[in-house]
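I have placed the structure first, in the form of structure tokens, so that the comments after it can refer back to it.
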Amino acid sequence: MRFESPKQLKHMLYNYDVANGYHLCFVKNDSRRLLAKCCDGKYIFRVWGSWMSDDKSFQIKSLISNHNCSKNFKFGSIVTYRWIGTHFTQQFFNNQKMSVRLLREDVKTTFGIVVSMSQCRRVKKYPLSPAEGTVAENYARIWSYGEEIKRSNPGSTVKIYVDAMADGELLCAVGRGANNGIFPIAWAVVCVESKENWKWFIENLLEDLQCWNEGSGLVLISDQHKGLVEAVKEKASKATTEAHFNIVMKDIEKLNPEVVNHLMDRDPKTWSLAFFRFHNSSSESVENGFSESFNSVILDVRKKPIISVTL
């Protein structure tokens with residue numbers, strides 16, 4: 001049998017241990033060779049592997065597969081969180097919110113062994129990292145990733161400026177479809193969430209959407225509207241005429257005059273339907289709920305490397 005490396009052969013022998021209840025000791029285990037024997041009995045079982053000189057593959061050179069020892073399903077250091085993680089990579093890709101308790105039950109059902117809850121917590125952090133790669137590996141592929149986006153999504157705009165930084169911030173523009181479904185329109189990873197970066201992001205968004213006339217035809221709702229809606233309890237913000245708006249504001253003034261002052265200091269054109277310009281664009285939305293729903297879905301994704309976070 002041929003393997004990519006001694007590490008891959010060792011992993012297969014671990015699988016053999018768990019499946020059959022044997023304990024193997026690795027007498028030789030380095031980058032050039034691997035020798036494993038049965039830890040009990042008279043060492044009848046023996047496997048020797050080394051590199052092939054002609055095709056650069058690691059191969060088992062000799063194998064004695066018989067055992068004269070009794071089976072013992074206490075695996076100790078063999079069943080590590082890394083070993084468990086290699087067997088559950090696909091499950092975590094399909095369900096990244098899999099609970100620790102469910103993972104523990106799956107391990108018991110699949111392998112017939114009981115692992116600790118702490119092992120399972122560590123397992124959840126492991127399976128995705130080898131596939132996603134390190135931060136350095138992600139940035140090394142960022143230019144190829146940009147070209148792939150343009151190839152697979154014709155008409156997309158891709159701008160890449162790479163600078164070293166400890167952490168990045170994900171900026172997103174989310175749209176709402178005719179059936180009230182949400183979808184990402186544009187995203188960027190920047191060094192920090194600042195007014196300058198948001199300005200750059202919005203300018204690129206407007207250019208890409210061809211909103212040349214100061215955003216004509218486009219309605220934008222940002223996080224700043226959240227506190228506004230809570231203050232007026234969705235009354236003044238949903239008033240469709242100026243007369244209705246004035247009536248509602250008087251009712252609010254009776255409850256708390258300071259709220260009215262706070263709201264009027266901010267141009268009602270930015271938050272009330274009564275003052276929206278309907279001749280170019282309109283939207284009945286006065287809150288940011290669909291954007292917050294999107295944020296809740298990508299909560300875990302934000303922690304991933306640059307390419308994985310935008311897939």
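Rounded to the nearest 10 square angstrom, PHE45 shows an accessible area of 10 square angstrom against a 1.4 Å probe.
Between THR89 and LYS254, the simple label model (points 7 Å from Cα in the Cβ direction) yields a spacing of 6.7 nm.
Estimate the FRET efficiency between ILE149 and LEU299 by the formula 1/(1 + (r/R0)^6), using the beta-carbon distance for r and 22 Å for R0, to the nearest 0.05. With a Förster radius of 22 Å, E is 0.40. The accessible area of TYR81, taken with all protein chains in place and a 1.4 Å probe, comes to roughly 40 Å².
Charge tally for MET117 (other residues, Cβ to Cβ under 9 Å; Lys, Arg +1; Asp, Glu -1): +3.
Once all protein chains are placed together, MET52 keeps about 50 Å² accessible to a 1.4 angstrom probe.
Taking 20 Å as the cut-off for C-alpha to C-alpha distance, list the pairs among LYS159/LYS199; LYS150/LYS195; LYS150/LYS199; LYS7/LYS37; LYS10/LYS97 that go past it.
Working: LYS159/LYS199 15 Å; LYS150/LYS195 28 Å; LYS150/LYS199 24 Å; LYS7/LYS37 16 Å; LYS10/LYS97 30 Å.
Check vs 20 Å cut-off fails for LYS150/LYS195; LYS150/LYS199; LYS10/LYS97.
With a ≥ b ≥ c the root eigenvalues of the C-alpha gyration tensor of segment 1-42, is it rounded (a/c under 1.5), prolate (a/b larger than b/c) or oblate? Since a/c reaches 1.5 but b/c is at least a/b, the shape of segment 1-42 is classed as oblate. Here the label points at THR109 and ILE44, each 7 Å from Cα along the C-beta direction, are separated by 3.7 nm in the simple model. Using the Karplus relation 6.51 cos²θ - 1.76 cosθ + 1.60 with θ = phi - 60°, the per-residue 3J(HN,Hα) values for segment 46-56 come to 7, 9, 10, x, 7, 6, 8, 7, 8, 10, 6 Hz, with x marking Gly and Pro.
The values are calculated or read from the model by the stated rules, or taken from the named source; none is laboratory data. Treat the numbers as computed from the prediction; the structure is a model and nothing was measured. For neighbour counting, all protein chains shown are included, and Cβ atoms are generated from backbone atoms with ideal geometry for every residue, glycine included. Each accessible area value is taken on the protein alone, full model and side chains, heavy atoms only, with ligands, DNA and RNA left out. Shrake-Rupley method; radii C 1.70, N 1.55, O 1.52, S 1.80 Å.
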